[in-house]
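Since the structure comes first, as structure tokens, the remarks are kept for the end.
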Amino acid sequence: MSAPARLAVLASGRGSNLQAITAAIAAGQLDAQVVAVLSDKPDAPALQQVAAEQRWARSPKDFADRAAFDTALGDALAGFAPDWVVCAGYMRILGQAFVERFDGRLVNIHPSLLPLYKGLHTHARALEAGDVAHGASVHFVVPELDAGTVLAQARVPVLASDTPETLAQRVLAVEHPLLIASLQWLVSGRVAERHGQLVVDGHPLFSPLRLDSAGKLNR
């Protein structure tokens with residue numbers, strides 16, 4: 001049997017997606033282990049979910065520039081020897097050199113149906129546009145913000161009574177199962193990204209996988 005996949009998680013906040021990952025591992029639903037949590041916020045609650053020797057956190061203000069911080073983050077991350085790096089509520093933009101260093105094994109979860117609404121305030125923007133559906137995406141990270149190949153998506157309806165807050169809560173409810181299902185496919189080797197193309201079971205797929213009501217991904 002192969003060893004569990006080594007996951008490193010980048011987080012800036014409370015770490016709810018990290019909690020979902022550790023719960024799935026504990027339940028035997030994800031053949032992986034979290035080997036590190038790294039943050040740009042030394043007081044991020046997410047850091048408390050792992051042992052002290054598995055944590056790395058520094059304030060970007062303590063570095064000369066963005067490149068210096070990214071280099072330190074990348075060196076620390078490489079030291080944990082991760083198979084996959086998961087951005088789960090990491091709110092700092094990663095520089096090109098960092099992204100290229102971990103190319104092909106760096107993924108992010110974003111609260112919109114990409115390519116719609118890259119960046120912040122996605123729920124308010126979906127409501128302003130009059131969208132009938134909204135959701136979340138798991139995508140491979142590239143230097144351009146939220147522009148990498150989309151691996152999988154989960155959709156929720158937009159209700160006439162929705163506010164950005166109520167819509168955000170409904171999206172959050174599908175974010176966790178979407179992330180876990182995506183990681184299941186990634187660590188099993190069923191899905192990869194090659195030259196901007198999603199590849200599933202060795203064959204190109206031209207649209208993202210979709211999360212069904214049972215929490216499973218389908219083509």
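The values are calculated or read from the model by the stated rules, or taken from the named source; none is laboratory data. Owing to the predicted nature of the structure, the values given are computational and were not obtained by experimental measurement. In this analysis, Cβ positions are derived from the backbone assuming ideal geometry, glycine residues included, and neighbour counts consider all displayed protein chains. Heads up: the accessible areas ignore ligands, DNA and RNA and are worked out on the full protein's heavy atoms, side chains in. Shrake-Rupley method; radii C 1.70, N 1.55, O 1.52, S 1.80 Å.
Is the stretch 35-42 home to any residue that is without any contact (Cβ under 8 Å) to a residue 24 or more places away in the chain, touching a Ser or Thr at 6+ places or on another chain (Cβ under 7 Å) and either under 27 Å from ALA136 (Cα atoms) or open to solvent by 30 Å² or more (accessible area, probe 1.4 Å) (or both)? Scanning the stretch 35-42, I find at least one residue that is without any contact (Cβ under 8 Å) to a residue 24 or more places away in the chain, touching a Ser or Thr at 6+ places or on another chain (Cβ under 7 Å) and either under 27 Å from ALA136 (Cα atoms) or open to solvent by 30 Å² or more (accessible area, probe 1.4 Å) (or both), so the answer is yes.
Filtering the stretch 184-199 to residues that are surrounded by fewer than 15 Cβ atoms within 10 Å (Cβ to Cβ), of a type outside the set (Ser, Thr, Tyr) and within 17 Å of PRO82 (Cα to Cα) leaves only GLY189. Counting the residues of the stretch 43-65 that are surrounded by 13 or more Cβ atoms within 10 Å (Cβ to Cβ) and among the basic types (Lys, Arg) gives 2. Restricting to the stretch 81-117, name every residue that is assigned to a helix (DSSP H, G or I) and at pLDDT below 95. Matches in the stretch 81-117: none. For the structure I just gave you, tell me whether ALA68 is of a type outside the set (Val, Ile, Thr), over 21 Å from LEU172 (Cβ atoms), open to solvent by less than 50 Å² (accessible area, probe 1.4 Å) and part of a helix (DSSP H, G or I). It is true that ALA68 is of a type outside the set (Val, Ile, Thr), over 21 Å from LEU172 (Cβ atoms), open to solvent by less than 50 Å² (accessible area, probe 1.4 Å) and part of a helix (DSSP H, G or I). Say we look at the stretch 8-34 and pick out the residues that are assigned to a loop (DSSP other than H, G, I, E, B), open to solvent by less than 50 Å² (accessible area, probe 1.4 Å) and in contact with a helix residue (DSSP H, G or I) (Cβ under 6 Å, 6 or more places away or on another chain); which of these is modelled with the lowest pLDDT? Restricting to residues being assigned to a loop (DSSP other than H, G, I, E, B), open to solvent by less than 50 Å² (accessible area, probe 1.4 Å) and in contact with a helix residue (DSSP H, G or I) (Cβ under 6 Å, 6 or more places away or on another chain), the top hit is GLY15.
Of the residues examined, LEU183 is one that is closer than 28 Å to GLY95 by Cα, in contact (Cβ under 8 Å) with a residue 40 or more places away in the chain and assigned to a helix (DSSP H, G or I). Contact annotation: residue pairs with Cβ atoms under 6 Å, 6 or more positions apart or on different chains, pairing a residue in the stretch 195-219 that is in contact (Cβ under 8 Å) with a residue 40 or more places away in the chain with a partner that is polar (S, T, N, Q) and open to solvent by 60 Å² or more (accessible area, probe 1.4 Å), are ARG210/ASN218.
For the stretch 162-180, filtered to residues that are of a type in the set (A, V, I, L, M) and open to solvent by less than 60 Å² (accessible area, probe 1.4 Å), the residue that is modelled with the lowest pLDDT is LEU172. Taking LEU120, is it assigned to a loop (DSSP other than H, G, I, E, B), more than 22 Å from GLU193 (Cα to Cα) and not charged (D, E, K, R)? Judged against the criteria, LEU120 is a match.
If only residues of the stretch 136-161 that are part of a strand (DSSP E or B) and in contact with a Lys or Arg (Cβ under 9 Å, 6 or more places away or on another chain) are counted, the one that is surrounded by the most Cβ atoms within 10 Å (Cβ to Cβ) is ALA154.
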